[in-house]
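Down below is the structure, laid out as structure tokens.
Every number in this text was worked out from the coordinates using simple rules, so none of it is lab data. Note that the structure is predicted; figures quoted are calculated from it, not measured. Methodologically, a virtual Cβ is constructed for each residue, glycine included, from the backbone with ideal geometry; neighbour enumeration extends over all protein chains shown.
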Amino acid sequence: MVKFGNAWLRRAMGLALACVMSGILFVPPVFAHGEIAQMAGIRMRTIHWFDTQIEPTQVKVNDIVTVRGKFKVSENWPDYVAKPEQWVFLNIGVPGPTFIRLDTTINGMHQYQSTALKRGEFYEYEIKLKARVPGTWHVHPLLNVWQAGPLAGPARFVQITGDKKDFVNTVTLLDGETVDVEHYGLASMWSIHLLWVAVGLLWVAYWFRHLPVMMRRYVAIKMYGEQEAERHLITIKDMVVSAGFVLGILGLTLALMMWSLNRYSITMPLQTGKIEAPVIPLPESQQQVDVKVQHAKFDLPSRRMDMALEVTNRSAEPVRIGQFVTGYARFIDAAVIKDVKADRYDPVATDGLHSDVTWIQPGQTQLVNLTVADALWGEQRLTDIVAEPNLRFAGLLFFYTADGHRQIREVGARMTPNFLPGYVPINTHGGHVALETRDSLS
Ligand SMILES: [Cu+2]
């Protein structure tokens, strides 16, 4: 029986070891860092990133990389996500401190602290980075929202070559001293940490100096009996040593505090408060096209969203729909604009948008059936929207004039999902056009 048990145990341990080893040896490298794991509803209804430029994508250590672009803070911001009017911070999403951030501006205002953004407004941002660690890194603009977490924008792979040892990060302090931030204060940080580790180890060593360490009370009672055991478990010497430790630690803390106050006589506390990002009229803010979503359906088997839109063109020029952006994925009508995949993770469907109306004339209100169909819905896991407790979507619609000027409008509405194959969409393209009249949509 015992033999059987041992053989079983050996087999189980062998299997466990094999699992661990195969995990170590055969895990494929992972390049992205979970940006599409976030709820589709949050990605589609919070920050609409567009015009993102991350360049250059080939740099050496110490070179500057600029991340710039625009975003609209969604009017369809979900109720369950903390609001951007409270505390947000524009940052970048990279794997670890592979860059340092030199400067960030939102609508021209420098952002060294948190800020607040208004729902429904457009913002322009620029982040200047300095390359620090060689490697290939996926660089995202990222907005941290207090109590909601990070909301990442579209990324590019940036390759840094060179040697980390050549990285320069010097700063001149307000008192005129120039310091190397890479190493500033590291020696005292290490010494103080090691000092406290040593104090801790001494404390543990003192109490573990007698054997046996385990079940000491039990052994003491067995040896000395119940009455005598107390005197042997904690002696007068133990009490004196403990008091010495307490006094020593208090004295050491005081001495280190005096030393640091003397060494760094002028200090400033970490700054709180926020810098309000100004709302300024960007070209995108003044729009002369109105859009109402009559209804929207999402067909899961064919990765396709159909929208019936009522579009009113208040501008002086005819416009047509050329792009839909949601969850930072770009769905393009190839007949209107050309877009290319910048790298293998660039979320763009270069011909994923079709509309049954080309030009919408000035002053006209027209019903437009729009189809947004591409595997990109699935690749970006935006298909998860059908499984969320709030079946709503939002995104930006880009209207273009003949000479390429654009008008951007946010659309957002409830969406009806379809899970079964064979669904007949409200509109079809290429072949038989099944247009619904506006009366039938109301
Ligand atoms: Cu990434």
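Of all the options VAL325, VAL81, VAL181, the one that moves most in a Gaussian network model of the chain with Cα springs shorter than 10 angstrom is VAL181. Packing, taken as the mean count of other beta carbons within 10 Å per residue, orders the peptides 94-103, 384-393, 195-204, 303-312 from highest to lowest as 303-312, 384-393, 94-103, 195-204.
About its Cα centre, the dipole of the stretch 304-382 is roughly 120 debye, where the only charges are +1 on Lys and Arg Cβ and -1 on Asp and Glu Cβ.
Under 5 Å between amide hydrogens, built in the peptide plane, is the criterion, and for TYR328 it picks out TRP49 among residues at least 5 positions away or on other chains.
With the helix formula -39500 (n - 2.57) applied to DSSP H stretches of n ≥ 4, the chain reaches a computed 222 nm mean residue ellipticity of -8000 deg cm²/dmol. In order along the stretch 361-374, the phi-based Karplus estimate (6.51 cos²θ - 1.76 cosθ + 1.60, θ = phi - 60°) of 3J(HN,Hα) comes to 6, x, x, 8, 10, 9, 8, 10, 9, 10, 10, 10, 10, 5 Hz; Gly and Pro are listed as x.
Classify the stretch 74-137: rounded, prolate or oblate, from the alpha-carbon gyration tensor (a ≥ b ≥ c, eigenvalue square roots; a/c under 1.5 rounded; otherwise prolate if a/b is larger than b/c)? Prolate. For the stretch 275-283, putting each phi into the Karplus relation 6.51 cos²θ - 1.76 cosθ + 1.60 with θ = phi - 60° gives couplings of 10, 5, 6, x, 9, 10, x, 7, x Hz, in residue order, rounded to whole numbers and with x for Gly and Pro. Hydropathy first: keep DSSP H helices in the chain averaging at least 0.5 on Kyte-Doolittle, then drop any whose Cα extent along the axis falls short of 24 Å, and list what survives. Length and hydropathy pass: 2-25, 186-207, 236-263. Given the options PHE245, PHE157, PHE71, which has the most mean-square fluctuation in a GNM of the chain, springs set between C-alpha atoms less than 10 angstrom apart? The residue with the greatest mean-square fluctuation here is PHE245. Peptides 339-349, 166-176 ranked from most to least packed give 339-349, 166-176, packing being the mean of other C-beta atoms within 10 angstrom over each peptide's residues. Using a Förster distance of 60 angstrom, determine the FRET efficiency expected from the C-beta separation of GLN364 and LEU102, and round it to 0.05. Efficiency at R0 = 60 Å is approximately 0.80.
According to the square roots a ≥ b ≥ c of the eigenvalues of the Cα gyration tensor, what is the shape class of the stretch 318-391, taking rounded for a/c under 1.5, prolate for a/b larger than b/c otherwise, and oblate for the remainder? Oblate is the answer for the stretch 318-391, as a/c is 1.5 or above yet b/c matches or exceeds a/b. Rg and Dmax of the chain, based on Cα coordinates, read 31.3, 102 Å. Geometric descriptor of the stretch 65-214, per residue, is 218 Å³ (volume of the convex hull of the Cα atoms). Between HIS110, HIS210, HIS48, the residue with the greatest mean-square fluctuation in the GNM of the chain (Cα pairs under 10 Å linked by springs) is HIS210. As a proxy for reagent exposure, ILE275, ILE54 were ordered by neighbouring Cβ count within 10 angstrom, fewest first; the result is ILE275, ILE54.
Note on the stretch 186-263: Cα-only Rg and Dmax are 17.7, 56 Å.
Each Lys and Arg contributes +1 and each Asp and Glu -1, all at the Cβ; summed about the Cα centre of the chain, the dipole is approximately 1600 debye. Positive end of the dipole of the stretch 242-365 (Cβ unit charges, origin at the Cα centre): among ALA277, SER242, THR365, the Cα lying farthest that way belongs to SER242.
Each of ILE42, ILE100, THR115 was placed along the dipole of the stretch 35-169 (beta-carbon charges, centred on the mean Cα), and the one lying farthest toward the positive end is ILE100.
Most tightly packed first, judged by the mean number of other beta-carbon atoms within 10 Å of their residues, the peptides 138-148, 404-414 read 138-148, 404-414. For the stretch 271-349, the antiparallel share of DSSP beta bridges with both residues in that region comes to about 90%. By the count of neighbouring beta-carbon atoms within 10 Å, fewest first, ILE64, ILE106, ILE221 end up ordered ILE64, ILE221, ILE106.
Please work out, to two decimal places, the log10 of the ratio I(q)/I(0) at q = 0.18, 0.21 Å⁻¹ from a Debye calculation in which every Cα of the stretch 293-427 carries one identical scatterer. Computed log10 I(q)/I(0) values: -1.00, -1.31.
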